[in-house]
Amino acid sequence: MKVLILTTVLAFGISISGFSQDVRLVLKSGETKTEELQAFTVKKLFFKSGSIEIGSVQTVYFVSEDAVDKKLRQYLTQAGVQILFSNDLIRPLPLSKSDYPQEGDQTIILTCQDSTSALFKRIGQHLVLKGYAIDYSSNELRIIKTGFRATSRLRYNYYLNIVVVSNQVVITSQWKVTQGNFAFKRRSGVFDWHFCYKKRNFKHRVGQVLHADVMKNLEDFERLRIDYK
């Protein structure tokens with residue numbers, strides 16, 4: 001197996017760094033992402049998630065000048081890629097228990113690294129891939145409204161309001177009770193989404209259900225952090 005790997009490396013001219021490192025890429029399309037760089041050739045960068053053509057990259061941020069392999073610097077310079085440095089390279093973190101919203105919070109805020117236009121496109125595509133229907137969107141205003149969607153349990157329907165402001169995705173929602181939900185004694189109408197606790201959790205509350213469903217659908221959406229308001 002080691003012989004096969006070595007043969008492949010020699011055949012394709014792949015250079016493997018002595019250690020993996022996170023780099024921030026700004027693509028010519030406007031998209032920005034943080035990836036773990038593992039290897040490179042004269043034409044490609046190789047990451048855990050796949051490879052990217054060097055020619056499609058506008059800027060690469062490294063944590064420091066010492067982190068740039070000499071041969072990689074040569075390849076990037078020849079391709080006209082700008083090399084910059086940043087000490088705040090952060091890999092998106094999964095949701096933890098401390099990330100839960102507080103009593104009365106109504107908004108989820110995802111802080112990302114993209115430009116506004118790239119982030120608006122990325123969140124829209126992500127919602128569609130997760131099965132949300134898009135009732136309305138405005139590229140000019142950077143807003144998206146999804147169609148109603150059933151929750152994974154209990155009998156609620158909800159939709160999401162999305163606003164992209166700078167490098168943040170701001171998410172609010174409204175929900176309604178579906179027919180047959182006797183816990184609400186046939187209440188009708190659409191209600192603003194807000195989080196409320198019962199004994200430090202969301203047990204048997206619409207806030208719990210919506211929070212769990214929405215965050216599950218966002219868990220693989222690349223972001224720097226999550227805030228609530």
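The values are calculated or read from the model by the stated rules, or taken from the named source; none is laboratory data. Keep in mind the model is a prediction, meaning the values are calculated, not measured. Areas reflect the complete protein model, heavy atoms only, side chains present, ligands, DNA and RNA absent. Shrake-Rupley method; radii C 1.70, N 1.55, O 1.52, S 1.80 Å.
Per residue, the accessible area of the range 106-186 comes to 53 Å², computed with a 1.4 Å probe over protein heavy atoms only.
At a 1.4 Å probe radius, which order do H126, H194 fall into by accessible area, largest first? Provide the component values of the computation, followed by the final result.
Details: H126 25, H194 85 Å².
I get H194, H126, largest accessible area first.
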